[in-house]
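The values are calculated or read from the model by the stated rules, or taken from the named source; none is laboratory data. Keep in mind the model is a prediction, meaning the values are calculated, not measured. Cβ coordinates were reconstructed from backbone atoms using ideal geometry, including for glycine residues, and neighbour counts include every protein chain displayed. SASA here: full protein model, heavy atoms, side chains in, ligands and nucleic acids out. Shrake-Rupley method; radii C 1.70, N 1.55, O 1.52, S 1.80 Å.
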Amino acid sequence: MSLTVHGGSDAGSTVAHDFSSNASPLGPPPQLLAAVLGAERERYPDPAYTALRAQLGAATGVGPARVLPCSGGAEAIRRLSLAALLAGSRCVWVPQPGFGDYAAAAMALNMNVRSYRSITELCQGLAENDSDGDLVWVCEPCNPSSSTLSGEDWQALSLALQAAKASLAIDQAYEPLRLHGQSQLPADLAEQAWRLHCPNKALGLTGVRAAYLLAPAEADRLLAHSQAVAPSWVLSSEGCALLMHWHSEDTRQHLSEVTKVLRAWKEAQQQMLAELDWQQSPSCSNFWLARPSQPLCLPRLRNSHDSGGIKLRDAQSFGLPGWVRLSVQPPQSQAALRAALQEELKTQ
């Protein structure tokens, strides 16, 4: 059995200019980083994560019983998929293009996987499907496209979910890195959905595996299964420290400054690619899909000694051959990318 392809390989040596990761290049706030580095490693965390669940629940306005700590988004997706199967679900709906773990988790459990390219297509599929209790994944903002749903999309989806008696899971990993506009997710629909939060991307600490699921207000059966299949001590001490500081005032101020900087960098980076005749998709966050005017040799860019290496995400695994996904990076990295692309054109 092959491993899940996440959009590109993270193996190999570190490059100087990594446009392939959606994580913030500006890192975490000092207080949160100090807490992670100073985490108590000499003993097990509380296996019930009582204090952590209470704090996250208070910060998000839900009861602690509805907070499920997870060791990253991928583990949360696998766990919720298994819980849905145990609760009777047999079909999972996934966005296309989208993060590969949604489909991979369902296929590993022999569940039916159905993809959709728009909310209209999803609503039609739910109406035509003859099964109840489907699990529907929505990524908001969506990876890899960085698209976002409109208020009309959410309203149509809400009605379709009610008619189909389906469960909604919203992956909000990139919401903290939204640079343009605001989420149109209605509060009442959010209360009825599973919501996945993965703070390590916005903090630039993807190596610290930590996330949490917020369960719907009324999901007793699925919540019970989700708790039952959780591994013991799912979070490390470092993961606990990260999540404990996620909703602090220091972190909120840091993220506010980060989004301002990234917004300016993004405008410059998109302008640079436009000058090189790249096709670029609309984007509300710190990453987007783009297609170069000429095919690129991605391994050659990565192994470029002059630049120290440049890494882009090949979007072929998302079903988009010829496209790449790239994230906002600092001006010096943008300059290196421009120089490397201009040199690449000379070889063609």
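A few points about this structure:
- Any hit, segment 131-142, residues being at pLDDT 95 or above, small (Gly, Ala, Ser) and either in contact with a helix residue (DSSP H, G or I) (Cβ under 7 Å, 6 or more places away or on another chain) or surrounded by 15 or more Cβ atoms within 10 Å (Cβ to Cβ) (or both): no
- For segment 244-253, the set of residues classified as in a helix (DSSP H, G or I) and within 14 Å of Asn200 (Cβ to Cβ) consists of Met244, Thr251, listed by residue number.
- With respect to the conditions (1) assigned to a helix (DSSP H, G or I); (2) open to solvent by 50 Å² or more (accessible area, probe 1.4 Å); (3) in contact (Cβ under 8 Å) with a residue 60 or more places away in the chain, Ala34 lacks only one, and its number is (3).
- Condition met for Glu175 (under 20 Å from the mean Cα position of the chain (by Cα), farther than 24 Å from Leu82 by Cβ and at pLDDT 95 or above): yes
Conditions tested, residue by residue: (1) among the small types (Gly, Ala, Ser); (2) buried (at least 22 other Cβ atoms within 10 Å of the Cβ); (3) in contact (Cβ under 8 Å) with a residue 12 or more places away in the chain; (4) farther than 27 Å from Pro30 by Cα.
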residue	(1), (2), (3), (4)
Lys165	no, no, yes, yes
Ala173	yes, yes, yes, no
His180	no, no, yes, no
Ala187	yes, no, no, yes
Ala193	yes, yes, yes, yes
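- Top-ranked residue of segment 289-313 - restricted to ones that are more than 19 Å from Gln279 (Cα to Cα) and in a loop (DSSP other than H, G, I, E, B), ranked as nearest to the chain's Cα centre (by Cα): Gly309
- Helices (runs of 4 or more DSSP H) contained in segment 58-148 and holding at least 2 residues among the β-branched types (Val, Ile, Thr) and more than 27 Å from Ala210 (Cα to Cα): 119-128
- Flag if Arg252 is more than 29 Å from Glu42 (Cα to Cα), open to solvent by 20 Å² or more (accessible area, probe 1.4 Å) and at pLDDT 90 or above: yes
- Residue pairs meeting the criteria (Cβ under 6 Å; at least 6 apart or on separate chains; first closer than 16 Å to Ser89 by Cα and touching a residue at least 12 places away in the same chain (Cβ under 8 Å), in segment 122-148; second open to solvent by 30 Å² or more (accessible area, probe 1.4 Å) and acidic (Asp, Glu)): none
- Filtered residue count, segment 201-226, keeping only those that are of a type in the set (S, T, N, Q) and either in contact with a strand residue (DSSP E or B) (Cβ under 7 Å, 6 or more places away or on another chain) or open to solvent by less than 20 Å² (accessible area, probe 1.4 Å) (or both): 1
- Lone unmet requirement of (1) farther than 28 Å from Leu326 by Cα; (2) in a helix (DSSP H, G or I); (3) open to solvent by 50 Å² or more (accessible area, probe 1.4 Å) for Ala241: (3)
- Restricting Ser285, Ser317, Ser307, Ser327 to those that are crowded, with 20+ Cβ neighbours inside 10 Å, touching a residue at least 40 places away in the same chain (Cβ under 8 Å), in contact with a helix residue (DSSP H, G or I) (Cβ under 7 Å, 6 or more places away or on another chain) and of a type in the set (S, T, N, Q) reduces the list to Ser285.
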